[in-house]
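Since the structure comes first, as structure tokens, the remarks are kept for the end.
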Amino acid sequence: HAPDLILFGMGYTDRDVAGRLSARLDRPVLAGAIDLTAGDGSVTVTSEILGGTLLVDSVFEGPAPWIAVVRPKSFAAEPAGEALPEVVPVAMGDAGHAGSASILERIAEPSSGPVLEDADIVIAGGRGMGSEANMALVSDLAEALGGAVGATRAVVDAGWVPYSLQIGQTGKTVKPSLYIAAGVSGAMQHVVGMKDSVTIISVNKDEEAPIFGLSDLGIVGDVNKVLPKLLEALKARG
């Protein structure tokens, strides 16, 4: 079909296929895109580097097709007008040796509440929660607000919550209306996954924590004392 541009998401399979396709076609691939601009016979890809502190514009060179991997939550859904894209089914070719693998079993990880990536309210726990047992406060607050639980990499690495809840550069990207950072210091690797949240509320006992520079409301205090008070207030309001 001779496309000019092939787009992939940031899923594991997407990235694997994009890399293999780049090698097979001998064409460039640009990853981590947060914006794309077409013009002058090429496409410019905007991406974040250094934990989201800098934006870089890269332009594809050489013949098409070009390949781009786009970060989630980069584009808001907008009406496309009357023109509808044409869906063209493409038959799967011979997968070769890779096609000899077979799936023997599927195991679904149990979950409750909203899906993290789609939640309108996210409560994220950081190392400041202190222990796995204290993470129950984050879950209780998420349940009270009808939100989803998230976490920093430090919490995931400690084994307090599964990797599926990790937010950040090596985790998931979220963009909720309300993001509550509980005991989150604000390391850049985490911030890149939640900085576009509409309203950010942070609770941290370190008044110099970087997360406060990103927050709409900051509470300096022990998160394990603040969250119970917040839960009491929510229950009192019914």
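The values are calculated or read from the model by the stated rules, or taken from the named source; none is laboratory data. Just so we're clear, the structure is a prediction, and the values are computed from it rather than from any experiment. When we count neighbours, we look across all protein chains shown, and the Cβ atoms used for this are built from the backbone with ideal geometry, even at glycine. Note: areas computed on protein heavy atoms with side chains; ligands, DNA, RNA excluded. Shrake-Rupley method; radii C 1.70, N 1.55, O 1.52, S 1.80 Å.
Odds and ends about this structure:
Every residue, every condition in (1) among the hydrophobic types (A, V, I, L, M, F, W, C); (2) not in a helix (DSSP H, G or I), yes or no:
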{"residue": "VAL138", "(1), (2)": "yes, no"}
{"residue": "ALA144", "(1), (2)": "yes, no"}
{"residue": "GLN189", "(1), (2)": "no, no"}
{"residue": "GLY193", "(1), (2)": "no, yes"}
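- Complete set of residues in the stretch 32-78 that are part of a loop (DSSP other than H, G, I, E, B) and surrounded by 11 or more Cβ atoms within 10 Å (Cβ to Cβ): PHE60, ALA64, PRO65, ARG71, PRO72, LYS73, SER74, PHE75
- Residues of the stretch 109-122 include at least one that is under 13 Å from the mean Cα position of the chain (by Cα), more than 30 Å from ARG20 (Cβ to Cβ) and in contact (Cβ under 8 Å) with a residue 12 or more places away in the chain.
- Taken together, VAL43, VAL69 contain a single residue that is closer than 23 Å to SER197 by Cβ and touching a Phe, Trp or Tyr at 6+ places or on another chain (Cβ under 6 Å), which is VAL69.
- For the stretch 180-196, the set of residues classified as farther than 19 Å from ASP157 by Cβ, open to solvent by less than 60 Å² (accessible area, probe 1.4 Å) and at pLDDT below 95 consists of LYS195 only.
- The stretch 129-152 - residue that is open to solvent by 40 Å² or more (accessible area, probe 1.4 Å) and touching a strand residue (DSSP E or B) at 6+ places or on another chain (Cβ under 6 Å) and, of those, farthest from ILE49 (Cα to Cα): LEU145
- Residue in the stretch 89-110 that is in contact with a helix residue (DSSP H, G or I) (Cβ under 9 Å, 6 or more places away or on another chain), within 25 Å of VAL223 (Cβ to Cβ) and assigned to a loop (DSSP other than H, G, I, E, B) present: no
- Subset of the stretch 104-128 that is of a type outside the set (Gly, Ala, Ser) and buried (at least 17 other Cβ atoms within 10 Å of the Cβ) - its residue that is nearest to VAL184 (Cα to Cα): ARG127
- Listed conditions (1) of a type in the set (Val, Ile, Thr); (2) modelled with pLDDT of 90 or more; (3) more than 27 Å from GLU86 (Cβ to Cβ); (4) within 22 Å of the chain's Cα centre (by Cα) are all met by ILE49, apart from (2).
- Where a residue in the stretch 1-28 is exposed (fewer than 15 other Cβ atoms within 10 Å of the Cβ) and its partner, wherever it lies, is among the polar types (S, T, N, Q) and at pLDDT 90 or above, with Cβ under 6 Å and at least six apart: none
- Evaluation of SER164 against (1) within 24 Å of ALA76 (Cα to Cα); (2) without any contact (Cβ under 8 Å) to a residue 40 or more places away in the chain (one fails), failing number: (2)
- If the condition is being assigned to a strand (DSSP E or B), surrounded by 13 or more Cβ atoms within 10 Å (Cβ to Cβ) and of a type outside the set (Val, Ile, Thr), then the stretch 203-238 contributes ASN204, GLY218.
- Residue in the stretch 3-21 that is in contact with a Leu (Cβ under 6 Å, 6 or more places away or on another chain), of a type in the set (Phe, Trp, Tyr) and part of a strand (DSSP E or B) present: no
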